Every structure is written in C-alpha cells, then in structure tokens.
Amino acid sequence: MKFADRLSQIKPSPTLTISAKARAMKVDGKDVISLSAGEPDFDTPDFIKDAAIQAIKDGQTKYTSVDGTTYLKSAIADKFRDENNLNYDLDQIIVGTGAKQILFNAFLATLNPQDEVIIPAPYWVSYPEMVRIAEGVPVFIEGAAENNFKITPNDLKKAITNKTKWLVLNSPNNPTGSIYSKEEFQAIEDVLKKHPDIYVLSDEIYEHIIYEHKFYAFAEACPSLFNRTLTVNGVSKSYAMTGWRIGYAGGPKDLISAMKKIQSQSTSNACSISQAAAAVALKGDQDFLKERTLCFKERRDYIVKELNTIKGMTCLEPIGAFYVYPYCKEFIGKKTPAGAVIETDTDFAEFLLDFAEVAVVPGSAFGFSPYVRLSYATSLDQIKEALKRIKKACSSLT
Ligand code: PLP
C-alpha cells in the first residue's frame, strides 16, 4: 500500500523510543519508575463511576446528538458561567472524544493548506502534528525561560503574518506548568485587537490543577476576544478521567457548527456513558479537587527542592499542571559510566533510563531543549526513590 503524502508530514513521537525502551526494561523485570505519565495517578472518584453504572442500567447506551447530550452541554454551560464568567448558549458548545478530538475538529474545520498556526514553545506534543495533518503550518515562538517560558506581546507581533489563522495558548501549560496572569493575557489581547482575522485556541485542560494563583480563562480575561476564542477543556486531568474520553469546547456558533460537521462524519457522539458520567463530574461536589491539588502541591514542592540540589540541574517552580521542566544543559557533553557522550536532552533522558531506571520525557518532544519533563502524577514514595536514583546517576557523569 502506498500511504498518503500527509503521513510523511507527521513526525513520529520523540517519546516513543524512550517509552518503548522503558516498557521493555519492565518486561525484563527491571524496577523502572515512570515519571513520564501525562495522566493523574488518582482514580476516578466513586460518585462519577456510580453515575456511569447507573447510566448503563438506565439504558443510556444509544447514539446521542453528535455534539453531546443536552444534559451534559447544560452542565458545561453552567460550569463555564459559574467558574469562568463565560456565557455560552448550548449551540456554542460541543462535546468530543477527549480534548484531543476537539482540537482536531477545530483545525480540520478551519485550516486551508498553508494557513499558519502560532504555537508557543514549549508546547504539548500533539499541536504541531494536528496542524500538519490538517495541512496547516505550525509557526513556533519560544517563550523565554526567564519569563517562565511564556510569550510576550512582542514575540507574538513578530510571528503574525497574513496567513495566521490561530494562536494556541495553553495555561496551565504542559510541559512547564506555567500560567498566564490576567494582565499577560490582556497584553496578548492588545496585539490581537489589531488582527481581526486571528482566532485564539485556549487549551485550559489543566484549569483545576493550579497552586497559589488564580486561574483565568483567556476569554474571561479578554472579553473583547470572546467571539474569536475557542475555549477548550475536558474532564481527563481534573477529574482523573483520561480513559473516559470526554473533552469539550465553547466558542462562536459558526465555528462550533463547523466542528460538529467534521465530527458527524468521523466519530459522531462521544461515548454516551462517559457523557453521563462527565455531567455528574461537573455538577457534583468539587471538594475532592482541592484535596488532590494539595497532594500535587506537596509533590511539586518536594521534586523542585530536590532537583535543585542536584549539581548542574536547575528547575523553576511551576504554578500548575503536574509537570516540572528542569534545565539540563550542564549535563550535555558529559560522559556516562559506559563512556558515551551525552549530546542532547534525548541522550540525557536515555541515560536516566539506563543508569537510574527512571523514565522522563526529553525537551525535544516539546520543541524546547535542553530540558526534560518529569511528571509528578505518581506517589510521593516513588518520586522520592526516583530523585534519589537521578541524583546518584547524575553524580556518576564525568
Ligand atoms: N491538551 C493538553 C495540554 C494535554 O496535555 C492533553 C493530554 O495530555 C490534552 C489536551 C488531551 O486531553 P484529552 O485526554 O482530553 O484528549
């Protein structure tokens, strides 16, 4: 079979080699600790699971409307209104199979060949590839580490061309955990006011995993861009529901309807049972979110403190999500005990896997090197053991 040209545009995931190797090591009986997970280690709360079981018993097992049940869309509209001060009508909301499908729908529905999408780096691995699949062109702007990896209005101005269709924002960010303040969003708004054809795709999936700071939805901070913003969210991260595959978005009616058209000829509705469970997640008692965030915060405090005690490693304190993104330049050029020279952050990640038996993700996956991403969505005991091993391995480099 000769495959489509578009396939050659998609880069294989740079994390695949490391995760395949980690898996193989585990099969060989090695005690590999994975700090590479992009999902909470917590289980889905029982009241959400019970809602799914009840939905099955009640026969909610048929197709639903392509864009989601009215019950779930109403719960989403309430969530947007109560938590984000955003008022969306039901025809301005779409539910998909994870935020991933929502993003995919948005790009497929709007990009013509060569249309540009501005993606601040470091970025979540899937944005550029989704844009490429939709035959658009990802345009990267690097956020400076000194600015917590966030872009400035000037960076944005320089990247805009007459082909720019979207600016993608992701706060709290994967992989850095940075968040944009209201004022930082508004500085971006000032730039975009002069470019009425550019839309903002604001991926807010880590909204509830945030420490010490107040979260702002982009459209909430920048009301003048409400009609040009697609606010993307989902239950995967906050509610520990990655496997249930429910993401959603609020946005302009014509855009939502275009996205629905794409979805209607691909997957149709998201799983009916998951939709019932997601509605209960959004409507139910939210207290457990605070408890879980406190737990993530304790881990973050520990991991940042310990990483900064490792000679050659520097790690900023993230404000949200469950990742840290330490700088590892000092280790580039060093020799491993096996005599190999570490040339890239991918080599460094491989070294940590080989010599510390700890799996992390190299910064190259997120378009910003030399860094590694460590996820602390695992128990504090595992994190402590992993840090002990990383420290020991790093001290063996010459
Ligand atoms: N957006 C970001 C920034 C993510 O990190 C992820 C998952 O890792 C997603 C979207 C996709 O989430 P979902 O599970 O809802 O498809």
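Return the single residue from 388, 163, 194 with maximal mean-square fluctuation; model: Gaussian network over the chain, springs between Cα atoms under 10 Å.
It is 194.
Using the crude model of +1 on Lys and Arg Cβ and -1 on Asp and Glu Cβ, and no other charge, please compute the dipole size for the range 164-217 relative to its Cα centre, in debye to 20. The partial results should precede the final answer.
Details: 5 positive and 9 negative charges, 30 e Å.
With Lys and Arg at +1 and Asp and Glu at -1, about 140 debye.
Quantify, in whole percent, the carbon and sulfur part of the accessible surface of the range 62-283 (1.4 Å probe; protein heavy atoms only). Each step should come with its number before you reach the end.
Details: 4070 of 8280 Å².
For the range 62-283, the apolar C and S fraction of the accessible surface comes to 49 percent.
Taking the chain as a Gaussian network, where each spring joins two C-alpha atoms under 10 Å apart, which residue of 21, 30, 150 fluctuates the most?
Its mean-square fluctuation being the largest, the pick is 30.
About the Cα centre of the range 62-283, what is the dipole size in debye to 20, counting +1 per Lys and Arg Cβ and -1 per Asp and Glu Cβ, all else neutral? All intermediate terms of the calculation are to be shown ahead of the outcome.
On the way: 22 positive and 24 negative charges, 108 e Å.
Charge dipole, the range 62-283, about its Cα centre: 520 debye, nearest 20.
Toward the positive end of the charge dipole of the chain, about the Cα centre and with charges on Cβ (Lys, Arg +1; Asp, Glu -1), which of 29, 303, 376 goes farthest?
29
How long is the gain from residue 161 to residue 341 if the chain were fully straight, where each residue apart is worth 0.36 nm and the alpha carbon distance is subtracted? Walk me through the intermediate numbers first.
On the way: separation 180, 0.36 × 180 = 64.80 nm, distance 4.10 nm.
Answer, rounded to one decimal: 60.7 nm.
Would you mind checking the pairs 157/297; 11/384; 100/163; 290/384; 26/297; 329/384 and listing those with alpha carbons more than 27 angstrom apart?
Numbers: 157/297 35 Å; 11/384 34 Å; 100/163 24 Å; 290/384 23 Å; 26/297 29 Å; 329/384 23 Å.
Too far apart for the 27 Å limit: 157/297; 11/384; 26/297.
Which of 131, 160, 196 sits closest to the plus end of the dipole of the range 114-196, meaning its Cα is farthest towards the positive end, when Lys and Arg get +1 and Asp and Glu get -1 on the C-beta?
Highest projection toward the positive end goes to 196.
Under 12 Å Cα-Cα from residue 30, which aspartates and glutamates qualify once same-chain neighbours fewer than 8 residues away are excluded?
Of all the aspartates and glutamates, those that pass the test against residue 30 - Cα under 12 Å, at least 8 places apart if same chain - are 354, 357.
So how do 244, 166 rank on accessible area, 1.4 Å probe, biggest first, that is with the largest at the start? Mind dumping the intermediate values first?
Details: 244 55, 166 5 Å².
Listed by decreasing accessible area, they come as 244, 166.
Using the Cα centre as the reference, give the magnitude of the dipole from point charges on the C-beta atoms of the chain (Lys, Arg: +1; Asp, Glu: -1; all else neutral), rounded to the nearest 20 debye.
Here the size comes out at about 660 debye.
So what's the net charge close to residue 6: Lys and Arg +1, Asp and Glu -1, counting the other residues with Cβ under 11 Å from its Cβ? List each step's numbers first, then the result.
On the way: positive: 132; negative: 5, 129, 135.
Charge balance near residue 6 sits at -2.
In Å², what does the accessible area per residue of the chain work out to with a 1.4 Å probe?
On the way: 17380 Å² over 398 residues.
Using a 1.4 Å probe on heavy atoms only, each residue of the chain averages 44 Å².
Once the piece of chain linking residue 31 and residue 289 is laid out straight, how much longer is it, given 0.36 nm per residue of separation minus the C-alpha distance between them? Show your work: numbers first, answer last.
Numbers: separation 258, 0.36 × 258 = 92.88 nm, distance 3.08 nm.
Difference between extended and current length: 89.8 nm.
For residue 214 and residue 182, compute 0.36 nm times the residue count separating them, minus their Cα-Cα distance, and round to one decimal in nm.
Values: separation 32, 0.36 × 32 = 11.52 nm, distance 0.90 nm.
Length gained, residue 214 through residue 182: 10.6 nm.
For the chain, what is the calculated [θ] at 222 nm in deg cm²/dmol (nearest 500), taking -39500 (n - 2.57) for each run of four or more DSSP H residues and dividing by its residue count?
About -12500 deg cm²/dmol.
First measure r as the distance between the Cβ atoms of residue 4 and residue 311, then evaluate 1/(1 + (r/R0)^6) with R0 = 45 Å and state the FRET efficiency to the nearest 0.05. Provide the component values of the computation, followed by the final result.
Numbers: r = 49 Å, r/R0 = 1.08.
For residue 4 and residue 311, the calculated efficiency is 0.40.
Can you compute the FRET efficiency between residue 224 and residue 19 using 1/(1 + (r/R0)^6), with r the Cβ-Cβ distance and R0 = 45 Å? Round to the nearest 0.05.
On the way: r = 43 Å, r/R0 = 0.95.
Computed FRET efficiency for residue 224 and residue 19 comes out at 0.60.
From the phi of every residue in the range 387-397, what ³J(HN,Hα) in whole Hz does the Karplus formula 6.51 cos²θ - 1.76 cosθ + 1.60 yield, where θ is phi - 60° and glycine or proline is x?
Running phi through 6.51 cos²θ - 1.76 cosθ + 1.60 with θ = phi - 60° gives 5, 4, 5, 4, 4, 5, 5, 5, 6, 8, 7 Hz.
Determine the sum of side-chain charges near residue 120: Lys and Arg each +1, Asp and Glu each -1, restricted to other residues whose C-beta is under 12 angstrom from that of residue 120. Let's see the in-between values first.
Numbers: positive: 150; negative: 142, 155, 184, 203.
In short, -3.
What FRET efficiency, computed as 1/(1 + (r/R0)^6) with R0 = 51 Å and r the Cβ-Cβ distance, is obtained for residue 152 and residue 54, rounded to the nearest 0.05?
Values: r = 49 Å, r/R0 = 0.97.
That gives a FRET efficiency of 0.55.
Mind giving me the nanometre distance, one decimal, between the label points for residue 193 and residue 330, set 7 Å out from Cα along Cα→Cβ?
4.5
The values are calculated or read from the model by the stated rules, or taken from the named source; none is laboratory data. Given the structure is predicted, the values throughout are model-derived calculations rather than measurements. Every residue, glycine among them, receives a Cβ derived from its backbone with ideal geometry; neighbour counts consider all protein chains shown. The accessibility values were calculated without ligands, DNA or RNA, using every heavy atom of the protein model including side chains. Shrake-Rupley method; radii C 1.70, N 1.55, O 1.52, S 1.80 Å.
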